[in-house]
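First comes the structure, then the notes that go with it.
No value in this document is a laboratory result; all are computed from the given coordinates. Note that the structure is a prediction, hence the values are computed from the model and not measured. Every residue, glycine among them, receives a Cβ derived from its backbone with ideal geometry; neighbour counts consider all protein chains shown.
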Amino acid sequence: MVRRIKLAGLVAALVAMFLPYLTLAQGVSFGVSPAVVRIDNLLPGEATVFNLTIRNKDEIAHNFTTATFHPPKKQREKGRAAFPDVSWISFDPDQIEVPAQSVANVTVTVAIPPEQKWAGEHWEAWLGVAAESSDLLGVRARLDVRLLVSTGGARSNVRLVAGIAVAIALLGCGGYYYFRRKARPE
Amino acid sequence: MKMIVASILVALILASFFPLPAAAQESTTITITMTGVCEISISLDKTQWPLGDVASNTERVTSPPIEWCTLTIRGNCNVNTFIVGEDAKCLGDSAYNWALSDDGSNGEHIYGLWFRIFGDTARGYVPITKTPSEFWPYGGGSSLAPGAYKQFGLKLLTPTYFVSGRLMQTQITISAVAA
């Protein structure tokens, strides 16, 4: 009986010793949604916000960090340029601990400077959510959300051209009548 | 003469009238479209490679060599995958690091990293660099569908010379984006 109790104690001690190592050896499993965010008609000088949802599918808590990346040119959606300045995109919070089997939201703000030169553009940036690793040689998983931004407020050149055309026509008429009148004998 | 002046005035008024609304910003509605049902998700069954002490100019390979770690695509949308490395930083001395080579070779204070995917006989070991490269790049199947998985291993080539007695830290990032 005493021997059995000792054996049970030894097993418990071994489990307690190795449990942390088993935990350390765990991998990572998480998801982010939505996979693609499309923003249209964002005017220069305006900002918009949306949420990213991080789903920790592991049995342990993980720290997640966020950052914005320029996608490789080959990976960008057709007709889109790289986002001019990633500092226009901010995350709140920019890092977050998500408990095991839990969900957390990160608010993303996209703010375009007021200069009109940013009107009528189509850009793409990737919003990365990475599971942090503090290991000496760590393998880290990151999920990138495609952010597709189209800015509005492009000047309507049709109206400008119409205005100039009317002005030229009226000036032409005026000139025509002036010279006809001048050429008429008194 | 009066006709001329009147014409010019009308022309100027009209010319300024037309472009003014154009110069003003148009009233628009910001549209945010989020494909809410689409979730990207991956899992890695290992996140660390405990190496311990390493000697200079030495090759270390994970065990098993190419089935060491499994990347599994979860969620509900296809993804493109990438891999990228970084310089190894010295813990406690931010001025010292090992630069990650761009071709997998090594040198003084320069180390090489490689990965190899199980079943990828065409490429074999591929260098991991500081520029993201495609993890699974094959045409007609470069994106991976939910449920797909890839086993891979790593190889490290230590610098030909480095300052010993330092604790070095580096990370390999495997990323996924909606295809």
Original post:
What list of ³J(HN,Hα) values in whole Hz, one per residue of the stretch A:122-131 in order, does the Karplus curve 6.51 cos²θ - 1.76 cosθ + 1.60 (θ = phi - 60°) give from phi, with Gly and Pro shown as x?
Top reply: 10, 10, 9, 9, 10, 9, x, 10, 10, 7
Original post:
Taking each residue of A:126-137 in turn, how many C-beta atoms of other protein chains fall within 10 Å of its C-beta, and what is the average?
Top reply: 6
Original post:
Quick one: length gained pulling residue B:61 to residue B:166 fully straight, 0.36 nm per residue minus the C-alpha distance?
Top reply: 35.7 nm
Subject >> Summed side-chain charge close to residue A:104 - residues other than residue A:104 whose Cβ falls under 9 Å, Lys, Arg +1, Asp, Glu -1 >> reply: 0
Original post:
Taking neighbour counts of Cβ atoms within 10 Å as a proxy for exposure, in what order, fewest first, do A:49, A:110, B:84 appear?
Top reply: A:49, B:84, A:110
Original post:
What ranking of A:176, B:111 emerges when the number of other C-beta atoms within 10 Å of each C-beta is taken as an exposure proxy, fewest first?
Top reply: A:176, B:111
Subject >> the stretch B:106-179: trypsin sites (Lys or Arg not before Pro) in DSSP coil with no more than 16 other Cβ atoms inside 10 Å >> reply: B:123, B:130, B:166
Original post:
Between rounded, prolate and oblate, where does the stretch B:27-142 land on the alpha carbon gyration tensor, with a ≥ b ≥ c its root eigenvalues, rounded for a/c under 1.5, else prolate if a/b exceeds b/c?
Top reply: prolate
Original post:
Fewest first, what order do A:148, A:42 take by the number of other Cβ atoms within 10 Å?
Top reply: A:148, A:42
Original post:
Suppose R0 equals 25 Å; then what is the FRET efficiency for residue B:32 and residue A:82 from their Cβ-Cβ distance, rounded to the nearest 0.05?
Top reply: 0.75
Subject >> Extension gain, residue A:74 back to residue A:92 (0.36 nm per residue minus Cα-Cα distance, nm) >> reply: 3.5 nm
Subject >> Between the stretch A:61-79 and the stretch B:98-145, the alpha-carbon center distance in angstrom >> reply: 19 Å
Original post:
DSSP loop GluC sites (Glu not before Pro) in the stretch B:48-110 with at most 15 other Cβ atoms within 10 Å of their Cβ, which ones?
Top reply: B:67
Original post:
Where Lys and Arg each count +1 and Asp and Glu each count -1, what net charge lies around residue A:27 among other residues with Cβ under 10 Å from its Cβ?
Top reply: -1
Original post:
If you take the beta carbon distance between residue B:70 and residue A:117 as r and set R0 to 35 Å, what does 1/(1 + (r/R0)^6) give as a FRET efficiency, to the nearest 0.05?
Top reply: 0.15
Original post:
Counting Lys and Arg as +1 and Asp and Glu as -1, what is the net charge of the other residues whose Cβ lies under 12 Å from the Cβ of residue A:130?
Top reply: -1
Subject >> Over the stretch B:110-175, volume per residue of the alpha carbon convex hull, in Å³ >> reply: 114 Å³
**OP:** Calculate, for residue A:132 and residue A:109, the FRET efficiency according to 1/(1 + (r/R0)^6) with r their C-beta to C-beta distance and R0 25 Å; round to the nearest 0.05.
**Re:** 0.65
